[in-house]
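The values are calculated or read from the model by the stated rules, or taken from the named source; none is laboratory data. Quantities reported herein were computed from a predicted structural model and do not represent experimental measurements. When we count neighbours, we look across all protein chains shown, and the Cβ atoms used for this are built from the backbone with ideal geometry, even at glycine.
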Amino acid sequence: MTEIQVNKVGKVGVLPTDKALGFGKIFTDHMFVMDYTSGKGWHSPRIIPYGGLEAQPAMIVFHYGQAIFEGMKAFKTADNRVNIFRPYEYLNRFNRSAKHLCIPEMDVEQIHDALIQLLTLEKDWVPNQPGTSLYIRPFVVADEPHLGVKVADSYRLFIILSPVAAYYATGFNPVSIKVEDKYVRATKGGLGEAKTPANYAMSLAAQQEAYAEGFGQVLWLDAVERKYIEEVGTMNILFKINGEIITPALNGSILGGITRKTVLELCRSWGLKVTERQISIEEVFEAHAKGQLEEVFGSGTAAVISPVGELSWKGQKIVINNNQTGEFAQKLFDYITGVQSNKIADQFNWMEEVK
Ligand SMILES: *Cc1c(COP(=O)(O)O)cnc(C)c1O
């Protein structure tokens, strides 16, 4: 592996207090960058001061959106060590997304090493208050200046770091969700299973309409029949019906979340019945009518678990668990965040220490 060049600025920024952290507003002093050039492959890995970029207005990413990203987290332990949550899961997904966007494959070991080196340098930026973390954002953009539509011949990979506050500053609040029946997120054969900006660009209008109507999030249905549940804006979705955990199967249009995977592994290890299958919105409303819909919750890296208090579909609204956080959602949240913060033994080997 080529050695990573390091250009240190020293400590410039200051880690704010937990309250001022927010999400994704503050960045650490350094970032990792690497280039790709056709015929040469990925080259020039380097750690440089975080800051402005040299960019050409004609860069392909600005015009045609050829880009991918990831979102993962590192945590500080009480004795000042830094642990990353399931890094290889995220980095392998990064490569799977690359394939969908015709972005050249990356060497996962190399990016992993770069991440460790960057985190070692930025260790002081990992906040230590309960619920806080260092959010890690790897991404790749097509940086070739070219206005014709084509697969780019050059790319830039970045890893930037952002200390983030506890997601639930005021406690675990169930969200009110609009089941979207006008817009669609993705369809089989599209980009739904890749982590790429296009999936977010298309979600903005639906999200704005839902906010204006007083909802917190949008739940997407399948694009063909507008019947089967897919996922929430930035989260996967799970249902607890009659004691069974049910979640939509990864069908080609849903993003395979690492938190979803973690939740399913955990539920199976606890002996619960776990089913990944097609589930329609009608089935969920019927389960509610029969008194069998016990809990609904989202899963994603940012929030970990997000309880759903209400679901509205074509003007009909159901209230789940009296709009209170369910016992099971709470148990999952406590377990996963407990392992992440090193308060619960890591028996599944989810955490990797930055050494
Ligand atoms: C990232 C993401 C998720 C959640 O995935 P995690 O790996 O659990 O963070 C769910 N849906 C979409 C569209 C996403 O981009």
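Laid out as a table, the results:
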item	result
Of all residues in the range 215-244 being within 16 Å of the ligand (Cβ to nearest atom) and part of a loop (DSSP other than H, G, I, E, B), the one that is farthest from Gln278 (Cα to Cα)	Gly216
From Val141, Val179, Val149, residue being in the same structural domain as Gly216 (by TED's automatic domain parsing) and either out of contact with any helix residue (DSSP H, G or I) (no Cβ under 8 Å at 6 or more places or on another chain) or not small (Gly, Ala, Ser) (or both)	Val179
Within the range 294-305, considering residues that are part of a strand (DSSP E or B) and touching a helix residue (DSSP H, G or I) at 6+ places or on another chain (Cβ under 8 Å), the one farthest from Gly24 (Cα to Cα)	Glu294
Number of positions in the range 182-212 that are in contact with a helix residue (DSSP H, G or I) (Cβ under 7 Å, 6 or more places away or on another chain) and aliphatic (A, V, I, L, M)	3
Count - residues of the range 187-214 that are more than 22 Å from Gly65 (Cα to Cα) and part of a helix (DSSP H, G or I)	4
Residues that are within 16 Å of the ligand (Cβ to nearest atom) and among the aromatic types (Phe, Trp, Tyr), drawn from the range 58-113	Phe69, Phe75, Phe85, Tyr88, Tyr90, Phe94
Filter result (in contact with a Gly (Cβ under 7 Å, 6 or more places away or on another chain) and either modelled with pLDDT of 95 or more or crowded, with 20+ Cβ neighbours inside 10 Å (or both)) within the range 177-188	Ile177, Arg185, Ala186
Residue satisfying all of: in the range 306-329; part of a strand (DSSP E or B), of a type in the set (A, V, I, L, M) and under 25 Å from the mean Cα position of the chain (by Cα); surrounded by the fewest Cβ atoms within 10 Å (Cβ to Cβ) among these	Leu311
Candidate set: the range 136-162, residues that are over 26 Å from the mean Cα position of the chain (by Cα) and acidic (Asp, Glu); chosen: the one surrounded by the fewest Cβ atoms within 10 Å (Cβ to Cβ)	Asp153
